[in-house]
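Worksheet: one structure, shown below.
The values are calculated or read from the model by the stated rules, or taken from the named source; none is laboratory data. All values derive from a computational prediction rather than experimental measurement. Positions of Cβ are backbone-derived with ideal geometry, glycine not excepted, and every protein chain shown enters the neighbour counts.
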Amino acid sequence: MAARFTHLALPCRDLDATIAWYEAHTPMRAFHRRVDEDAEVAWLAEDDTSVGLVIVQTFEARASGEPQTTLSPFAHLGFDVDDPAKEGAMADLGRAEGYLHCGAKKKPRPIGCLCALSNPDGMWWSSGSVRDKEAFGS
């Protein structure tokens, strides 16, 4: 049997706010959206990849208004940034919008520079200029 990784599904309490956050802070864009029997669903991905996020807002989560912090306190999504200079701009935007978790900091290999933001549900998203890309198979 051949299998390949296609997506990671994450819960949220506000689908519109979550899509807007990922589109503002990551290279991901929503390419599919639907309403199911018990939830609204959106698929997000980068233009050049078949791996993406499925964001699910159950009607119960929306009604509760409570953050859906599945990945808290440390698990996170990581993105590589081509230009380390962009880390400062990302930190500034995150700070201005109230999402900054950790400003742009130099980290030991294989990371390089790291900036961490929290999405509307408090889950981490980290961006780094990965210096040792072979550590991640690229």
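For this structure, a couple of remarks:
- In the set (1) at pLDDT 75 or above; (2) assigned to a helix (DSSP H, G or I); (3) not polar (S, T, N, Q), the condition left unmet by L77 is number (2).
- Residues of segment 20-57 satisfying the condition of being exposed (fewer than 13 other Cβ atoms within 10 Å of the Cβ) and outside any loop (DSSP other than H, G, I, E, B): A24, F31, H32, R34, V35
- Out of E87, E60, one residue alone is touching a residue at least 24 places away in the same chain (Cβ under 8 Å) and either assigned to a loop (DSSP other than H, G, I, E, B) or not hydrophobic (A, V, I, L, M, F, W, C) (or both). It is E87.
- Being assigned to a loop (DSSP other than H, G, I, E, B) and either over 26 Å from T6 (Cβ atoms) or modelled with pLDDT of 85 or more (or both) is a description that does not apply to P110.
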